[in-house]
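Structure first, commentary second.
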Amino acid sequence: MLRYAKTGVLGILGLALTVLAVILVRGAIEAPAPTDPAPLIAKADSYDATIERDEWGVPHVFGKRDADVSFGIGYAHSEDDFATIQDVLIATRGKLASVKGERAAVSDYLVNLMGIWETIDARYESDLSPEVREVIEAYADGVNYYAALHPEGVIDGFLPVTGEDVAAGFMFKAPFFYGLDKTLMAVFEGRIGKEEGLSKQGVDAFLPAKDPLPIGSNGVAVSPARSADGATRLLVNSHQPFTGPVAWYEAVLESEEGWHVAGGFFPGSPFMLHGHNANLGWANTVNEPDLVDIYRLEVNPDNEDQYLLDGNWRDFEKSTAEIRVDLWGPFWWTVEREVLRSDHGPVLETPNGFFAVRYAGIGEIRQVEQYYALDKATGFGEWIEAMKLQALPSINYIYADRQGNIAYVYNAQFPDRKEGPDWSGVLPGDDSSLIWQGYVPFEAMPKLVNPNSGYVYNANNTPFRATAANDNLDPADFPERLGIQSDMTNRAMRLEETYGADNSITAGEFRDYKYDLRYSQNSAMMEIVNGILAIDAGDDAELRKAQELLHDWDRRTDVASRRAALAVLTAEPVIVAGIRGETPPDPADKLREAMSRLKTHFGRLDPEWGEVNRFRRGPVDLPVDGGPDILRAIYGSREEDGTLTARAGDTLIMFVEWDRAGKLSSESVHPFGSATQDASSPHYADQSPLFVGMRTKPVRFTREELEGHVEESYRPGNRGG
């Protein structure tokens, strides 16, 4: 076994292959033994779930108990995407590099650094109610049952899945939504902690991927005061990657114990994360308040196992992370990495010294408790009580219900920091008064309930622009130490210019505004375009032609536009560089690159946007409207033929409505279909034409609505044969 106890994570991953001669001696170690499937199959007999798939393949799971339904959704989701669920749970265990190779080693190290399993082992029984443990353990049993019946897709050593795995998955993933992983990587790489630049600002958007796809989300709620027909409406419109560990899966759950929801689920989650139940619903969007504090530690020059705190040397708490890395065939290697913790939290040794990190969500495992309570809330009061659990470290909530209530909550576990220090920078680690111990109360969060304007919205923007100007929150009412963001996105500007400009919104307008295809005149996109228009073209006829095209652009991204391609291909790299915290390239250089790309692959500077912007899924290859930071959000990766292939953006979209009498109806669309990984299924891409066409299908929420639309009905487990 090789030991690199004082090497940074990225250094471990970059070791030369010349060490393989030493490593290969480990290749003969036996693989984990396959799990006996018989007990997992037998355990399924304790559940009674019925799965009815509608004509779109969407599972509707019924059961007497909540546990029955949870078992059923675990089984149904496994049918459609077992591989991703397996990857998610292996990553949660800190074992992903043993399957995916060295690129996954950072994820495995973070599991150890964050103390995920130490916390789960210590608090699973004490912090989670018996009811929640029963539900998440039933979900694990559903996954186990599917895996036992399909051993060909199961990685040795993976089974059995446990309720602890499910709780740990939420604990591990939740802080990444506000950017903890990016901040940790920035510390690792020495981009935070340099003497000449100690600030941690701007790191929250660090994107380490080679071809990053910026994502976001939209949420809008309109009350009867602003709707033309007295209805209450909710837009659920998260922007995620189309595939992977945070790709949406649609389902409807109904138990006889009152758990009845429709909406989006992530792989590894038995809970509807956003969508609706019979009485209320919500949309989530990512927010990015400053929820991480970094402390520079002074280490004892005579004993590097100690750090200074309040004038005394304290011993680091030490453990060892063993990271097994798959190479190829039977060969693998194991790296040991020392894990340090101080009173502040996890400690990182970097080229710039030792740094401790304290973050929202540290030691918190009750995320599953809060999602379960939100799912089962029957009215605004119960929903607010669920929010007061404050187990979720971040995420905006846009809320609506059948009584006509609407609300916006800028949810976060805001550290209860003391007044005075500059919390945006790196803090001295020798003062225990800077180690906060709790969070500000729920009542202190930015929130709006039933504003006079009759609407609330968020598109990953500041909470201080969430409704009409007269009803917006005042930033002066919130202390700077909360670290609340102040930025705006194009999508937020367009929400103001569409929903916000219409005092009587019809059902059709509510949908049309969501599919808006325009950049705001005040957007970052138009700032770049206007800068290019200001360039003196001189004798450069080609540049003048490009400027003429951009000058005449109507700022729309419909497939027929002959100016959108030049604008988007020019501006997107500049905007993305800013998001990544890098120095943006010269827009003029990117304009030249875009011109060359378009002429090379399309023979002209002004191909139709639909020729360039494509949606591809199996046999489906269609032009698609929309673009980066558009309300109809489409983020594409660049192909060698000059086109873009949509990879992220609009995913599961839901339009939810309670009419004047409180009657519920909802519609939805998924970019692919329910069979998210099964290319042989008729539901692999059956919703794609709807999605590209900006159309939806009905959500058959009740048994009565589902009647006559059942494609397949079955009961997984021994009860069902």
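The values are calculated or read from the model by the stated rules, or taken from the named source; none is laboratory data. Note that the coordinates shown come from a computational prediction; the quantities given were computed from them, not determined experimentally. Cβ atoms come from the backbone with ideal geometry, glycine included; neighbour counts cover every protein chain shown. The protein model used for the area step is the full one, side chains on, heavy atoms only, and it has no ligands, DNA or RNA in it. Shrake-Rupley method; radii C 1.70, N 1.55, O 1.52, S 1.80 Å.
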FRET efficiency, 1/(1 + (r/R0)^6) with R0 45 Å, evaluated for N303 and A679 via beta carbons: 0.15
Roughly how many nanometres apart are two label points built 7 Å out from the Cα toward the Cβ at E527 and R604? 3.3
Mean ellipticity per residue at 222 nm, deg cm²/dmol - from DSSP H runs of n ≥ 4 across the chain, formula -39500 (n - 2.57): -8500 deg cm²/dmol
Sites R695 and A83, calculated FRET efficiency, Cβ-Cβ separation with R0 35 Å, nearest 0.05: 0.75
Can you give me the P(r) profile for the range 452-545? Cα pairs, bins 5 angstrom wide beginning at 0, each as a whole percent. 2, 12, 17, 17, 15, 11, 9, 7, 5, 4, 1, 0
What accessible area per residue comes out for the chain, rounded to a whole number of Å², with a 1.4 Å probe? 38
Theoretical gain in end-to-end length, E118 to A42 [0.36 nm per residue, Cα-Cα removed]: 24.3 nm
Cα pair distances exceeding 19 angstrom across the range 121-186, given as percent: 48
Return the distance in nm (one decimal) between the two label points of a simple spin-label model at E125 and E480, each offset 7 Å from Cα along Cα→Cβ. 4.8
Full-stretch length increase - D554, E542 - with 0.36 nm per residue and alpha-carbon distance subtracted: 2.3 nm
In the P(r) worked out for the chain, what percent of Cα pairs fall beyond 41 Å? 32
So if a site counts as exposed when it's one of the GluC sites (Glu not before Pro), its DSSP state isn't H, G, I, E or B, and it has at most 11 other Cβ atoms within 10 Å, what's the longest stretch of the chain without one? 197-418
Percent of accessible area on the chain owned by carbon and sulfur, 1.4 Å probe? 49
For the range 553-614, restrict the atom set to alpha-carbon positions and state the Rg and Dmax in Å. 11.9, 34
Greater than 21 Å separation of Cα atoms is the criterion. Which listed pairs, K388/K447; K100/K173; K545/K599; K376/K663; K173/K447; K447/K697, meet it? K173/K447; K447/K697
Computed over the Cα atoms, what is the radius of gyration of the range 295-430 divided by 2.2 N^0.38 Å, N being its residue count? 1.51
Inter-part gap, Cα centre of the range 680-721 to Cα centre of the range 619-641, in whole angstrom, is 26
Rounded to the nearest 20 debye, what is the charge dipole size of the range 471-611 about its Cα centre when +1 sits on each Lys and Arg Cβ and -1 on each Asp and Glu Cβ? 520
Rg and Dmax in Å for the range 505-645, alpha carbons only: what are they? 15.3, 52
For the range 642-721, what is the Kirkwood estimate of the hydrodynamic radius, computed as the reciprocal of the mean inverse distance between distinct Cα atoms, to one decimal in Å? 15.2
How long is the gain from E257 to N472 if the chain were fully straight, where each residue apart is worth 0.36 nm and the alpha carbon distance is subtracted? 73.5 nm
Where the centre of each part is set by its Cα atoms, how far does the range 465-531 sit from the range 382-421, in angstrom? 20
Convex hull of Cα atoms in the range 371-448, direction-averaged projection (nm²): 6.3
Ratio Rg/Rh [Cα only; Rh per Kirkwood] for the range 500-557: 1.19
Around K418: net Lys/Arg minus Asp/Glu count, Cβ-Cβ under 13 Å: -4
Modelling each spin label as a point 7 Å along the Cα-to-Cβ direction, I'd like the E705/D641 distance in nm, to one decimal. 3.9
State to the nearest 20 debye the size of the charge dipole of the chain about its Cα centre, where the only charges are +1 on K and R beta carbons and -1 on D and E beta carbons. 940
How big is the range 417-503 by Rg and Dmax over its Cα atoms, in Å? 16.5, 55
What is the Cα convex hull volume of the range 224-304 when expressed per residue in Å³? 221
One point scatterer per Cα, no solvent, Debye formula: log10 I(q)/I(0) for the range 569-695 at q = 0.09, 0.12, 0.17 Å⁻¹ comes out as -0.35, -0.58, -0.96
